[in-house]
1. Just to be sure I understand the filter: pairs with C-beta atoms under 8 Å, separated by 6 or more residues or on different chains, first member in the range 47-64 and modelled with pLDDT under 95 and surrounded by 19 or more Cβ atoms within 10 Å (Cβ to Cβ), second member of a type outside the set (A, V, I, L, M) and part of a strand (DSSP E or B). Which pairs pass?
2. Take the conditions among the basic types (K, R) and farther than 22 Å from D176 by Cα and apply them to R29. Does it pass?
3. Given the range 146-232, what strands (runs of 3 or more DSSP E) lie entirely inside it while holding 1 or more residues that are surrounded by 15 or more Cβ atoms within 10 Å (Cβ to Cβ) and acidic (D, E)?
4. Looking only at the range 165-188, how many residues end up being aliphatic (A, V, I, L, M) and within 11 Å of the ligand (Cβ to nearest atom)?
5. May I ask you to verify whether I143 is in contact (Cβ under 8 Å) with a residue 12 or more places away in the chain, under 27 Å from V20 (Cβ atoms) and in contact with a helix residue (DSSP H, G or I) (Cβ under 6 Å, 6 or more places away or on another chain)?
6. Scanning the range 114-144 for residues that are under 18 Å from G221 (Cβ atoms), part of a helix (DSSP H, G or I) and of a type outside the set (V, I, T), which turns out farthest from the ligand (Cβ to nearest atom)?
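The values are calculated or read from the model by the stated rules, or taken from the named source; none is laboratory data. Only a predicted model underlies this, so the values are computations on that prediction, with no experimental measurement involved. Neighbour counts are summed over all protein chains in view; Cβ atoms, including those assigned to glycine, are modelled from backbone coordinates with ideal geometry.
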Amino acid sequence: MALYKYSVPDKLINENGIRVDGRKYNDLRPYSFKVGVLPKCDGSAYVEMGGNKILAGVYGPRKVQPRHISQANLAVIRTTYRMATFSVDERKSPAPSRREVELSLVIRTALEPAIFASYYPKTLIDIFIQVLAADGGTRCASINAASLALADAGIAMRDLVTAVAVGMVGDQIVLDLCDLEDKEGDADLPIAMLPQNNEITLLQFDGQMTKDQFLEAINLGMFGIKQIYKAQQEAIRAKFKDISEGISEMEGEEEDQEEEPREREFERENEGEPED
Ligand code: ADP
């Protein structure tokens, strides 16, 4: 059975430096972020990065269940990463895999430094991530989605957490690996950061690089993270712009309703008056 719907090309990057999906080494895939997409939880976000489609929902701070995991001085942060059965080319088993359990932990570790957990002692902050379509770099896209959902839930945070995977194809460092580059490339380096202070909260590495290549990869990752961070901030602003526009429309309608009787009173008073 074919591993990919598409065939694997001989080279992942051509002599002109163009990658399999037409990007240059420092291009991100197209991305979009939307905040407040699920009505039932306290905060939510939907993220697309390349072919990744990911939903994150946050409940909390809320009562800790089971109670024995409660912490006296901190909120417990629980993260659940799951891939939908239809998210990959071959049907994925609906049972949670070891990879999903590991990625739940990895994502939580990347998010925790951003959260003021001591503000919410004896509570639980539950983060659920559902990968609807996977296209390489789902852990990074999930971190981006989860940090937006946390902000949407009003959880106090030092900064958003922003993530991207950098990698190597041949001897070229490339930004934001697609699925094929992730699987067939020579190195994979997912990075998550608190972008305001350039604090790294996640750094994983699979493959081989020289020290110079490694430093180049970190710099390229930071270049991508700054762009993604801006888009995350815009997504949050867009949600609150919608809310404030909704409030001013409601206020406008209330004012109209208040003014209506006075207008009618005026019209009645002037009824029957002879015109000049
Ligand atoms: P990440 O998604 O963070 O890059 P991995 O390196 O483990 O994490 O996975 C790389 C890619 O492999 C995923 O983004 C996804 O496209 C694909 N993949 C992961 N799990 C499966 C699976 N069970 N079946 C098919 N493809 C998968």
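1. G60/T123; G60/D126
2. The answer is no for R29.
3. 187-194
4. Count: 3.
5. Taking the combined requirement at face value, the residue satisfies it.
6. This residue is A114.
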